[in-house]
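Notes follow the structure.
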Amino acid sequence: MTTFEQVDMARGQVFGEVAETYEVARPGYADALVAEVLAYADLGERAAVEVGAGTGKATVPFAALGTPMVCVEPDPRMAEVLRRNTSGYPGVRVHTGGFEDWRPGCRRFGLLFAATSWHWVDPERRWDLAHDALAPGGAVALFWNPQGVRDAELHAALAEVDGHHGIDHAPHAELASSYGDVPGNWAGLPGWPEEECRRDGRFTDLRAVRYRQDLHYDTDRYLGHLASLSRYRVLPPERREQVLAETGRVLDAHGGGIETELFSDLFLARVAGAS
């Protein structure tokens, strides 16, 4: 097992500790994004495979539109919630295990998608794995939900708490106004995949799309959101509780919540050689 697999993949599985909180607190994905992905993929009779499906935040809107899929989720605690959330969709199958260890067998898929999970896949192998899973012309759809704070005063107060505790890249680390209009402009968050995909050379028709929506959290829900993030999960419990308590006091002092702008950033590509 490589260093990446030992360290980063282990960190990528801390979410299962709070699977139910993750399900409640994490934002979903824009309906327009799901429609864009399906129009681009043009699946026909082919199925999709989802990488790092979590509790099904992205799975359910695809399944609700009739998309048959295999969902690969490494954490059995997350997979348990995922199975519950997709129990009404007979076209969804859940595989518990890492994407690096999953094998498509003889089957080739029309779409591979990953919702805020692609950065957890081994960068030395992920494009090979995606290519091997897809039919010629099959689509890749990778998307994330970065957020920006609207209130500059609140942003500064939260930054002070984060600085004191050494927290970096929290969802409130940037002002909404700093993102501009370019998908993947994330100010230090996990890298946008376009350059990596372009270097690979086996994919074509690369596209990037950004969707925006206003999102309000009350204090409790926002603290639940933070508690579901890996950068908070890896903290010692006492320190995690301290930083969350201080963050909560700041939010309560600024009206009892936080107004953010949610950016759903979508990257699309397809395997060269479509018939």
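Close contacts from region 193-209, counting a first residue that is in a strand (DSSP E or B) and a second that is among the small types (Gly, Ala, Ser), with Cβ to Cβ under 8 Å and a gap of 6+ residues or different chains, come to PHE203/ALA269; PHE203/ALA272; THR204/ALA269; THR204/ALA272; ASP205/ALA269; LEU206/ALA269; ARG207/ALA269; ALA208/GLY184. Within region 247-263, the only residue that satisfies the criterion of being surrounded by fewer than 17 Cβ atoms within 10 Å (Cβ to Cβ) and closer than 22 Å to ASP181 by Cα is GLU259. Tallying residues that are modelled with pLDDT of 95 or more and assigned to a loop (DSSP other than H, G, I, E, B) within region 228-271 yields 3.
Exactly one condition in (1) touching a strand residue (DSSP E or B) at 6+ places or on another chain (Cβ under 8 Å); (2) surrounded by 14 or more Cβ atoms within 10 Å (Cβ to Cβ); (3) in a loop (DSSP other than H, G, I, E, B) is not met by TYR217; state its number. Answer for TYR217: the failing condition is (3).
Screening ALA39 with (1) touching a residue at least 12 places away in the same chain (Cβ under 8 Å); (2) open to solvent by 10 Å² or more (accessible area, probe 1.4 Å); (3) small (Gly, Ala, Ser) gives one miss only, at (1).
Can you tell which of HIS164, HIS169, HIS225 is modelled with pLDDT under 95, assigned to a helix (DSSP H, G or I) and under 22 Å from TRP120 (Cβ atoms)?
The match here is HIS225.
Within region 64-86, the only residue that satisfies the criterion of being basic (Lys, Arg), surrounded by 14 or more Cβ atoms within 10 Å (Cβ to Cβ) and free of Cβ contacts under 8 Å to residues at least 40 places away in the same chain is ARG83. Residues of region 132-181 that are surrounded by fewer than 20 Cβ atoms within 10 Å (Cβ to Cβ) and within 24 Å of PHE62 (Cβ to Cβ): ASP132, ALA135, PRO136, GLY137. Per the listing TYR89, TYR29, the residue uniquely in contact (Cβ under 8 Å) with a residue 24 or more places away in the chain, open to solvent by 10 Å² or more (accessible area, probe 1.4 Å) and over 16 Å from the mean Cα position of the chain (by Cα) is TYR89.
The values are calculated or read from the model by the stated rules, or taken from the named source; none is laboratory data. All values derive from a computational prediction rather than experimental measurement. Note that each Cβ is placed from the backbone with ideal geometry, even for glycine, and that neighbours are counted across all protein chains shown. Remember, those area values only see protein heavy atoms, side chains included, never the ligands or the DNA or RNA. Shrake-Rupley method; radii C 1.70, N 1.55, O 1.52, S 1.80 Å.
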